[in-house]
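The values are calculated or read from the model by the stated rules, or taken from the named source; none is laboratory data. These numbers come from a predicted model, not from an experiment. All Cβ positions, glycine included, derive from the backbone under ideal geometry; neighbour counts span all protein chains shown. Each accessible area value is taken on the protein alone, full model and side chains, heavy atoms only, with ligands, DNA and RNA left out. Shrake-Rupley method; radii C 1.70, N 1.55, O 1.52, S 1.80 Å.
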Amino acid sequence: MSATQAVETVFRIESARIIAAVARIVRDVGIAEEIAQDALVAALEQWPESGVPDKPGAWLMATAKHRAIDLVRRKETYARKLAEVGRTLEDVPPPAEPAAPDDIDDDLLRLIFTACHPVLATEARIALTLRLMGGLTTQEIARAFLAPEPTVAQRIVRAKRALARAGVPFEVPYGADRELRLASVLEVIYLVFNEGYSATAGDDLVRPALCEDALRLARVLAGLMPKEPEVHGLAALLEFQASRISARTGPDGEPVLLADQNRSKWNRMLIRRGALAMRDAGSGPYSLQAAIAGCHAEAVRYEDTDWVTIAALYGRLVQLVPSPVVELNRAVAVSMAEGPEAALPLVDALADEPALRAYHLLPSVRGDLLERLGRGEEARAEFERAASLTHNARERALLLGRAARA
């Protein structure tokens, strides 16, 4: 691996932690991202000549923190800073709740709650946090949203400016304010995990570091808000999903379909954690998805999967959150419970959905159904179309392989 490749890889893994740590110093997520990018540029300039450091992540973090401190020093003298702190202590009343068991010290969680402030529209909150927390490019976020790239770019720029203008504090809020932001925070953690579980672009199917961060944050939230069923539902879902990560790829990083996975590689400890979290889950969207994932986790063999229950759970889910993607997943479950002939009309009904026009899984699912119905030529065309739509190299190779065998 070249020094340039090393820089890009390490930055992709460490960027969220770096931005979060710098934001705690400069109190502005937009400036924090710029400083993190400056550290990246410094690494690109220095590492090819000096070599990759023994601890590259720590090098980037230290460089970014030094630049953040320099920025604070340039903006204000120490005396002015101390005076400002003194005035703040005199003029601002104490917080409604004291620092206590539910006050946590986690920069990544602070970053999410800050970016999910109500001053921003929901779409802007999620787009900004995916950029900061997940290290996703604007193009990747646009694909995750099934939205035009310029639209997403504008959301991110405006969101940073809005947070700066409003002077939003870099903190995990208390009480009602925390609950007000919870839905956005859960959605962001869910989307960050999904990007790690199945990358929208690049050469790797899985980005484990993103999954680990999202899972850890879900666990922290479950401890922070023990009476919120959907927090436990999300934690259970991510535990179940994470249990399968090591079986999702082969020796060379190629995708392994669920039916072909070696279930002895599934992490039983994470499955047990998921089952425990389900005890406190409710009947909301994340809890229903966790129940679906739990059905897969309980099946010793693929043939033992309770597809009837999974199809019913997807039916309940699509009623709660009407979505063509959820409906497509329901069609897959119906195909396994009742046969491909029962599911094909459900998939065909989604053909004109605007949100799915560039969604590679629609033709992929249709190709699978056609193949199972013995309509090989039609299946081949669908797999080829799906391959042309995906931006992930591993998925593209899998789909082209299926097209060749159809």
Requested in this report: Taking the chain as the reference, fit the longest principal axis to its C-alpha atoms, fit the long axis of helix 175-197 to the helix C-alpha atoms, and give the angle between the two in degrees, 0 to 90, nearest 10.
Outcome: 50 degrees
Query raised in the report: In the stretch 325-387, with Lys and Arg counted as +1 and Asp and Glu as -1 at Cβ, which of these residues, Ala331, Leu350, Phe383, has the Cα nearest the positive end of the dipole, that is, farthest along it?
Result: Phe383
Query raised in the report: Label-point separation (nm) for Asp252 and Ile69, each offset 7 Å from Cα along Cα-to-Cβ?
Result: 4.9 nm
Query raised in the report: Out of the stretch 178-245, which trypsin sites (Lys or Arg not before Pro) are coil in DSSP terms and have no more than 14 other C-beta atoms within 10 Å?
Result: Lys227
Report task. Determine the sum of side-chain charges near Cys295: Lys and Arg each +1, Asp and Glu each -1, restricted to other residues whose C-beta is under 11 angstrom from that of Cys295. Result -> -3
Query raised in the report: Relative contact order (percent) for the chain, with alpha-carbon contacts under 8 angstrom and 6 or more residues of separation?
Result: 11 percent
Requested in this report: Give the angle, between 0 and 90 degrees and rounded to the nearest 10, that separates the Cα long axis of helix 149-166 from the longest principal axis of the Cα atoms of the chain.
Outcome: 30 degrees
Report summary line: With Cα coordinates, the longest principal axis of the chain makes an angle with the long axis of helix 324-338, in degrees rounded to 10, of 40 degrees
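Could you work out the per residue convex hull volume over the alpha carbons of the chain, in cubic angstrom? Intermediate results must be reported in sequence, preceding the final value.
On the way: hull volume 63.8 nm³, N = 406.
Enclosed volume per residue, from the Cα hull, is 157 Å³.
If you roll a 1.4 Å probe over the chain with all protein chains in place, what percent of the accessible area is carbon or sulfur? Intermediate values should be presented prior to the final figure.
Values: 10500 of 19790 Å².
Answer for the chain is 53 percent, counting heavy atoms of protein chains only.
Mind checking the per residue accessible area of the chain for me, 1.4 Å probe, whole number of Å²?
Numbers: 19790 Å² over 406 residues.
Heavy-atom SASA per residue in the chain reads 49 Å².
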Query raised in the report: Using 0.36 nm per residue, how much length does the chain from Ala42 to Val157 gain when fully extended, once their Cα-Cα distance is taken away?
Result: 39.0 nm
Report task. Keeping every protein chain in place, order Met133, Met269 by accessible area at 1.4 Å, biggest value first, i.e. largest first. Result -> Met269, Met133
Report task. Starting with the highest mean, order 282-291, 313-322 by the number of other Cβ atoms within 10 Å, averaged over the residues of each peptide. Result -> 282-291, 313-322
Report summary line: Going residue by residue through the stretch 232-238, the Karplus relation 6.51 cos²θ - 1.76 cosθ + 1.60 with θ = phi - 60° gives ³J(HN,Hα) values, rounded to whole Hz and with x marking Gly or Pro, of 5, x, 5, 4, 4, 4, 5
